[in-house]
C-alpha cells in the first residue's frame, strides 16, 4: 500500500505505520520468505506476489520454497528435535514460551500492520484481539506443561508410569483469515509439547508468521525447532502431506483439501492429521426468551460481518424463532439498522469495523453466490454500504428467502453476508443446525436458563455460544463435529494432546 494512501488518515496511528513498514521491508527487500534452522533464507521455487486487498497495490514478492528446501527443513527439524534439549526439558520450554509471549506483546503494532496490509485485517482489531490471543495461548501452554507430572501406577508384578511424549515433527498449514491468531493456536501447544515445527503460511498472508519466527529465535527457541516456509498449497502443502518424516499435520481450511491430507497420510507414513474444515454457523434468536433486540442485533452484526465474514464461525445464518409477526418485524428492522451502522473502510483507520475481502477471487465468488440467490427469489433487505472502487471489497449484506438449492442456501459463503431465516418452533431451528454437514459452532440468544439447557442438550456443534457470539478462550477446546473437523482440537489442554503420544514405562519387580 502506498505511503500517500496510508497517511491520508489523520487518525491513523503513525507509530504503527512506521514500525510496521520497517517490519515489512525487512522481509520483502531481502526476499526473506523462508525461516529455516534459525535464519532467514530465500526460496528456490516460484515467485509469489503479495497483493494488498486494500487497494490492489503490489507490496512486493517472495520466492516460495522448493521441494528440496522442504526436505532440508525437515532434516534440520529432525536433527534439532533429536539433539536439542527442547523435547526433554519442559522447564526450558515453559520459560522460552513465556519470553516469546512477552516479545509478541511488545510487537503488537508490527504484527497488526503486517496482517492489515497483506490480509485486510482491521489493525485495531488485531492489536486488541488477535495478538493478545497469541500471547494468551503461549502463556496458557507454558502453564500446562509446568504442571504435568504424568500418571504413576503399581501392581503386584511391578510399577511404572504413563507419560506424554512429543510426537516429533509437526507440520502446520495455516489459513489466511486470522494469520497470527491461527499461528498461535497451532504453535503454542505444539512447541509446548516439545515438538519441532514447520509452518506453511497461506500465500495470501505470510508476513506475520515470518516476523513471529524472528521473535521465536530472540526468545530462545533453538535453531531448527521453529521453521516457516512460504509456498502454495498444491506445491509445498501437498508435499508436506506426503512427506515420510513428518509425524503430525494440522490444517485449517477447506473440506476438499483436508480430505486430501487424509489420503496423503494413508499413502505415506500414516502421520496423524488434525483438520478444522469450516462451518456454516447459525445464530439462533429465541424471541420468547430474548429482551433487548438492539443489543442482540449489534452482537449479530459483529458475528456475521467481523473480518468481513471470513471466519469459519461467522454467523452466516440468523435464525429467528417466534410466531409474533410484530416482534419479528421489530427484530428485522433492528438487525438492518445494526448492519447499516457498520463502518466499511481503510483497515488502518481506528473507526473502521470492516475491511476488504482477501482477494479478487473471493469477492467474485461472493458476488456470484448472492446474485444467483437473488435471481432465484432471494431479497437483499439492507441498504448496502458504499465500498471503494479499488481493492477487493464487498458490503455487509443481509439477505432473506434464499432458496435451499442455491450455493448460498447450502454452502459456506465466507464473506460479509448473512441469511435471515424465520421459523416458528425451536425444534425446526435445531434441525437447521444439526441437519447441516457442518458442525463447528453456533450461537443461541436465550435469557431463560432452563431453555438454555434445552438448546444445549439438542444442538450438536463443537462450540455453542450463549447470549453473545464467542469461540471460547485459550482454555476451551475448539473444533467441529461432522464434516467440520477430524481428530484433535485447537486450544485448551486438548490441543496439547493433539501433539503428543502416550508412552507407558513398566518396571517388573525382581
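The values are calculated or read from the model by the stated rules, or taken from the named source; none is laboratory data. Because the structure is a prediction, the values reported are computed rather than measured. Backbone-built Cβ (ideal geometry, glycine too); neighbour counts: all protein chains shown.
Condition check ((1) within 16 Å of residue 467 (Cα to Cα); (2) crowded, with 22+ Cβ neighbours inside 10 Å; (3) not assigned by TED's automatic domain parsing to the domain that holds residue 413) across all residues:
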{"residue": "272", "(1), (2), (3)": "no, no, yes"}
{"residue": "295", "(1), (2), (3)": "yes, no, no"}
{"residue": "301", "(1), (2), (3)": "yes, yes, no"}
{"residue": "305", "(1), (2), (3)": "no, yes, no"}
{"residue": "326", "(1), (2), (3)": "no, no, no"}
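Any residue at all in the stretch 421-434 that is within 20 Å of residue 310 (Cα to Cα), in a helix (DSSP H, G or I), in contact with a strand residue (DSSP E or B) (Cβ under 7 Å, 6 or more places away or on another chain) and in contact (Cβ under 8 Å) with a residue 24 or more places away in the chain? Yes, because at least one residue in the stretch 421-434 is within 20 Å of residue 310 (Cα to Cα), in a helix (DSSP H, G or I), in contact with a strand residue (DSSP E or B) (Cβ under 7 Å, 6 or more places away or on another chain) and in contact (Cβ under 8 Å) with a residue 24 or more places away in the chain. Of the candidates 48, 36, the single residue that is modelled with pLDDT of 95 or more and under 22 Å from residue 77 (Cβ atoms) is 36. Number of residues in the stretch 462-482 that are part of a loop (DSSP other than H, G, I, E, B) and within 17 Å of the chain's Cα centre (by Cα) equals 12. Given the criteria at pLDDT 95 or above and either surrounded by 13 or more Cβ atoms within 10 Å (Cβ to Cβ) or closer than 22 Å to residue 231 by Cα (or both), does residue 20 qualify? It is false that residue 20 is at pLDDT 95 or above and either surrounded by 13 or more Cβ atoms within 10 Å (Cβ to Cβ) or closer than 22 Å to residue 231 by Cα (or both). Counting only residues that are farther than 29 Å from residue 490 by Cα and without any contact (Cβ under 8 Å) to a residue 60 or more places away in the chain, the stretch 262-287 holds 1 of them.
Among the candidates 123, 141, the residue that is in the same structural domain as residue 98 (by TED's automatic domain parsing), closer than 28 Å to residue 21 by Cα, touching a helix residue (DSSP H, G or I) at 6+ places or on another chain (Cβ under 9 Å) and touching a residue at least 60 places away in the same chain (Cβ under 8 Å) is uniquely 123. Anything in the stretch 389-420 that is within 22 Å of residue 322 (Cβ to Cβ) and assigned to a strand (DSSP E or B)? List them, or say none. Selection gives 398, 399, 400, 418, 419, 420.
Residue 432 meets the conditions (1) surrounded by fewer than 20 Cβ atoms within 10 Å (Cβ to Cβ); (2) modelled with pLDDT of 95 or more; (3) under 17 Å from the mean Cα position of the chain (by Cα) in every case but one. The failed one is (3). Selection of the stretch 186-198 for residues being in contact with a helix residue (DSSP H, G or I) (Cβ under 6 Å, 6 or more places away or on another chain) and either free of Cβ contacts under 8 Å to residues at least 40 places away in the same chain or outside any loop (DSSP other than H, G, I, E, B) (or both) yields 188, 189, 192, 196, 197, 198. Contact map, the stretch 295-312: residues that are farther than 19 Å from residue 119 by Cα paired with residues that are at pLDDT 95 or above and in a helix (DSSP H, G or I), Cβ distance under 6 Å, separation 6+ or inter-chain. Pairs shown: 297/334; 297/335; 297/338; 298/338; 301/338; 301/339. Just to be sure, is residue 109 in the same structural domain as residue 146 (by TED's automatic domain parsing), touching a helix residue (DSSP H, G or I) at 6+ places or on another chain (Cβ under 9 Å), assigned to a helix (DSSP H, G or I) and closer than 30 Å to residue 387 by Cα? Yes. In the stretch 240-262, is there at least one residue being in the same structural domain as residue 439 (by TED's automatic domain parsing), in a strand (DSSP E or B) and touching a strand residue (DSSP E or B) at 6+ places or on another chain (Cβ under 8 Å)? Within the stretch 240-262, none of the residues are in the same structural domain as residue 439 (by TED's automatic domain parsing), in a strand (DSSP E or B) and touching a strand residue (DSSP E or B) at 6+ places or on another chain (Cβ under 8 Å).
For the condition within 30 Å of residue 120 (Cβ to Cβ), at pLDDT 95 or above, surrounded by fewer than 18 Cβ atoms within 10 Å (Cβ to Cβ) and assigned by TED's automatic domain parsing to the domain that holds residue 450, residue 337 qualifies.
Just a yes or no: is a residue in the stretch 143-163 crowded, with 18+ Cβ neighbours inside 10 Å and over 21 Å from the mean Cα position of the chain (by Cα)? Yes, that holds for at least one residue. Checked against (1) modelled with pLDDT of 95 or more; (2) touching a strand residue (DSSP E or B) at 6+ places or on another chain (Cβ under 8 Å); (3) surrounded by 21 or more Cβ atoms within 10 Å (Cβ to Cβ), residue 176 passes all but condition (1). Of the residues making up the stretch 298-336, those that are closer than 22 Å to residue 387 by Cα and not in a strand (DSSP E or B) number 16. The single condition among (1) in contact with a helix residue (DSSP H, G or I) (Cβ under 7 Å, 6 or more places away or on another chain); (2) assigned by TED's automatic domain parsing to the domain that holds residue 165 that residue 492 does not satisfy is (1). Against the list (1) under 18 Å from the mean Cα position of the chain (by Cα); (2) surrounded by fewer than 24 Cβ atoms within 10 Å (Cβ to Cβ), the condition residue 201 fails is (2).
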